[in-house]
Every structure is written in structure tokens, then in C-alpha cells.
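Below is one structure, written out as C-alpha cells; comments come after it.
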Amino acid sequence: MKELLIATANKGKVEDFKKLFQGMYEVKSLLDYPHIPDIIEDGQTFQDNAQKKAEVLSKALNETVVADDSGLVIDALNGRPGVFSARYAGEEKNDQANMKKVLEDLRGVAEQDRTARFVCTIALASPDKKTIFFEGQCEGFISHKQIGENGFGYDPIFYVGQTTKTMAQLSLEEKNEISHRARAIEQLNNYLIGE
Ligand SMILES: O=c1nc[nH]c2c1ncn2[C@H]1C[C@H](O)[C@@H](COP(=O)(O)OP(=O)(O)OP(=O)(O)O)O1
Ligand SMILES: [Mg+2]
């Protein structure tokens with residue numbers, strides 16, 4: 001089976017990619033290449049960061065690389081945390097601290113004003129080809145406390161759509177039906193099949 005390298009060291013993302021590419025590609029990630037240094041994400045947009053992560057690795061290894069830059073965009077916080085989602089509460093990239101800070105920032109904000117979306121931008125970079133982008137989103141709203149054990153990142157505080165289920169209450173299969181990452185990967189997959 002063909003290998004596909006994902007320029008991420010995020011275990012939750014790797015699990016999503018492996019499940020979504022099951023039977024199609026053998027997914028490798030930066031977890032398999034621990035010696036590769038972290039790529040500084042200094043872009044203004046998810047696309048900028050996905051492009052940098054994919055192109056730096058594609059050039060270094062001279063092979064096709066996929067990268068994902070994603071995050072939580074909250075309307076009442078003017079789109080924050082956005083591209084700063086991973087480090088919202090500090091450089092240690094601690095999910096619990098990030099969620100705590102979001103809930104503190106939204107203290108007193110009414111239900112109807114807690115709208116948010118997850119955004120995932122995927123970049124496909126190949127040596128001597130133009131980088132291509134695919135974006136997926138998932139609408140929802142922010143809970144008042146953490147609910148559910150599954151997934152990663154901000155899943156426990158993100159109610160999916162108009163439901164009363166957080167992303168962390170979904171099974172991996174259910175999440176992969178509706179998530180921002182699944183929607184972006186579906187477009188990537190359609191492109192790769194057509195190549
Ligand atoms: O499905 C998701 N469910 C919950 N939270 C999520 C999801 N997708 C992204 N997120 C959050 C986690 C992290 O706080 C940020 C990603 O930051 P982002 O820089 O793209 O990833 P990262 O630094 O963890 O790994 P890497 O850059 O190596 O891909 O958005
Ligand atoms: Mg990152």
C-alpha cells in the first residue's frame with residue numbers, strides 16, 4: 001500500500017488521518033520521524049501554516065507531504081483562538097488549559113451567542129508542483145463545561161451543529177462523518193483518486 005506522510009506530531013490528528021485513509025494509504029507522520037524539528041507556525045491563516053508545514057517537509061524529504069492546520073473559531077471572541085488554538089493558554093500546548101481559558105473568556109455569554117466552528121485546512125505539497133489546498137468546517141457552539149471523553153483538543157467543549165452532543169461524545173466513526181478534518185480529507189481523497 002502507498003505511504004502518505006502527514007506533517008503532524010498531533011496524535012489526535014494522526015488517528016483521524018489513519019482512520020480516514022484506512023485501506024487506501026499507509027499513513028506516516030512526524031511521530032515516526034522524532035528527529036525532525038518542530039516547524040514554526042508564524043502564518044496569519046490556517047492556509048499559511050498548512051502550506052509551510054507541508055512544503056518544508058516535502059522539500060526536506062523530496063516527497064509528497066500532507067499537512068493540516070486547524071483550530072476553533074469562536075464568533076464572540078472575534079474568531080479567536082483561530083490559528084492560535086494550539087497555544088491559546090501558552091506555549092506548552094495544553095488542551096485542558098486551552099479549554100479552561102476559552103470557557104473563562106466566554107463566562108456570562110448566552111447560549112445563542114456561543115456559536116463557533118472548527119476549521120481544517122489541508123495542504124498537499126509535492127516536489128516541483130504547486131501546493132494545493134482543501135478546507136473543511138464544522139459548525140457548532142461552545143458548552144459551559146467539558147463533556148465527553150473521546151477525541152482531542154477542544155472536542156469536550158464543542159457541541160456539534162444544533163445537537164446537545166459534544167464532539168468528545170461522538171465515536172471516532174461518528175466524528176469522521178461530520179468533522180472539519182473529514183470534510184477536508186474527503187476533498188483531498190477525491191483529488192488523489194482523480195490524479
Ligand atoms: O478535531 C479537533 N478536535 C478538537 N480540537 C481540534 C481539532 N482539530 C484541531 N483542533 C485544535 C487542537 C489544537 O489546539 C489546534 C490545532 O493546532 P495545529 O497547529 O493545527 O495542530 P498541532 O500544533 O496540535 O499539531 P501540528 O501543527 O503538528 O499538526 O486546534
Ligand atoms: Mg501546530
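A short reminder: the numbers here are calculations on the coordinates, not readings from a lab. Because the structure is a prediction, the values reported are computed rather than measured. Ideal geometry is used to build each Cβ from the backbone, glycine not excepted, and the neighbour counts take in all protein chains shown.
Quick check on the chain: helices-only [θ] at 222 nm, where DSSP H runs of length 4 and up contribute -39,500 (n - 2.57) each and the sum goes over total residues. Nearest 500, please.
Working: 5 runs with 59 residues, N = 195.
About -9500 deg cm²/dmol.
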Worksheet item: Expressed as a rounded percentage, what relative contact order does region 62-104 have, with Cα pairs under 8 Å and six or more residues apart?
Response: 23 percent
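Fully extended, how many nm does the chain gain between Thr115 and Glu186 (0.36 nm per residue separation, minus their Cα-Cα distance)? Before the final figure, lay out each step's value.
On the way: separation 71, 0.36 × 71 = 25.56 nm, distance 2.47 nm.
Additional length available on full extension: 23.1 nm.
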Fill in: Flagged links, alpha-carbon separation over 27 Å, of Lys2/Lys52; Lys11/Lys100; Lys53/Lys145; Lys101/Lys130; Lys59/Lys175; Lys13/Lys101
Lys53/Lys145; Lys101/Lys130; Lys59/Lys175
Worksheet, complete the sentence: Simple SL model, points at 7 angstrom along Cα→Cβ for Lys93 and Leu172; separation in nm is 2.0 nm
Item to complete: Using DSSP, restrict attention to beta bridges with both residues in the chain and report what percent are antiparallel, rounded to the nearest 5.
Response: 80 percent
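Region 83-156: which trypsin sites (Lys or Arg not before Pro) are DSSP loop and have at most 13 other beta-carbon atoms within 10 angstrom? Mind dumping the intermediate values first?
Details: sites: Arg87, Lys93, Lys100, Lys101, Arg107, Arg114, Arg117, Lys129, Lys130, Lys145; in loops: Lys93, Arg107, Arg114, Lys129, Lys130, Lys145.
The qualifying sites are Arg107, Lys129, Lys130, Lys145.
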Discussion item. Taking 8 Å as the Cα distance limit and 6 or more residues as the minimum spacing, I'd like the relative contact order of the chain as a percentage.
Written reply: 18 percent
Worksheet item: So, how do all the Cα-to-Cα distances of region 2-194 break down into 5 Å bins, in percent, from 0 on up?
Response: 1, 8, 16, 21, 20, 15, 10, 5, 2, 0, 0
